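Enquirer: This is the structure I want to talk about, given as structure tokens.
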Amino acid sequence: MTQVQPTESLGPFLTYSLAVIALLAVTLTVAWFLGGRVAPRRATVEPFESGVVPVGEADSVRLSIEFFLVAMFFVIFDLETIFVFAWAVGAYELGWAGYAAVACFITILLVALVYELGTGALDWGVRQRSGPDRARYAARGESA
């Protein structure tokens, strides 16, 4: 078996990298010359709203903090699904050690979920969560 020297395997990588950079430069240059020149109009500077004409200003829209909490929890538990699926694919090869690791992982996530339920982080609505300063932080001046 022959040993491959690190400098021998660097040539194809550098060639590929230079080819990608050259192709990118050519593509961007051609696009700049051939691209259309359009003066900014009202329709071109507005954000795309799926064909719906936007109403009002972004400053007037007040989203509840629960909206963002649910979005963050979704991302966290969605990542959990990816890790558990990866374990399930290799469960036979990982054996009991892999089973113990994924059981520990799921236990930690269940403890986090119980904590979130206990603190009311998953309760939707202003009136369901309370605290001494809750009225000060409520949307639109609503009190707890």
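Enquirer: What number comes out for accessible area per residue over segment 69-116 if the probe is 1.4 Å? Units Å², please.
Expert: On the way: 3680 Å² over 48 residues.
In whole numbers, segment 69-116 has 77 Å² accessible per residue.
Enquirer: Related question: For segment 72-88, what does the Karplus curve 6.51 cos²θ - 1.76 cosθ + 1.60, with θ = phi - 60°, yield as ³J(HN,Hα) per residue in whole Hz, taken in order and with x for Gly and Pro?
Expert: Those phi angles translate into 5, 5, 4, 5, 4, 7, 6, 5, 4, 4, 5, 5, 5, 5, 4, 5, 5 Hz.
Enquirer: Using the basic label-point model (7 angstrom from Cα toward the beta carbon), what is the Arg41 to Leu113 distance in nanometres?
Expert: 5.2
Enquirer: Now for a different question. Please turn the phi angles of segment 18-29 into ³J(HN,Hα) values with the Karplus equation 6.51 cos²θ - 1.76 cosθ + 1.60 (θ = phi - 60°), one per residue in order, whole Hz, x for glycine and proline.
Expert: 5, 5, 5, 5, 5, 5, 5, 4, 5, 4, 5, 5
Enquirer: I'd like the accessible area for Glu57, computed on protein heavy atoms only with a 1.4 Å probe and all protein chains in place. Round to 10 Å², please.
Expert: The accessible area of Glu57 comes to roughly 130 Å².
Enquirer: Using a basic spin-label model with each label point 7 Å from the Cα along Cα→Cβ, how many nm lie between Ile65 and Phe85?
Expert: It is 3.3 nm.
Enquirer: State the percent of C-alpha pairs, over all pairs in segment 66-119, separated by a distance greater than 17 angstrom. Don't skip to the end; give the middle numbers.
Expert: On the way: 623 of 1431 pairs.
Summing the P(r) tail past 17 Å for segment 66-119 gives 44 percent.
The values are calculated or read from the model by the stated rules, or taken from the named source; none is laboratory data. Keep in mind it's a predicted model, so treat the numbers as computed, not measured. Cβ atoms come from the backbone with ideal geometry, glycine included; neighbour counts cover every protein chain shown. When the accessible area is computed, the model is the full protein with side chains, heavy atoms only, and any ligands, DNA or RNA have been set aside. Shrake-Rupley method; radii C 1.70, N 1.55, O 1.52, S 1.80 Å.
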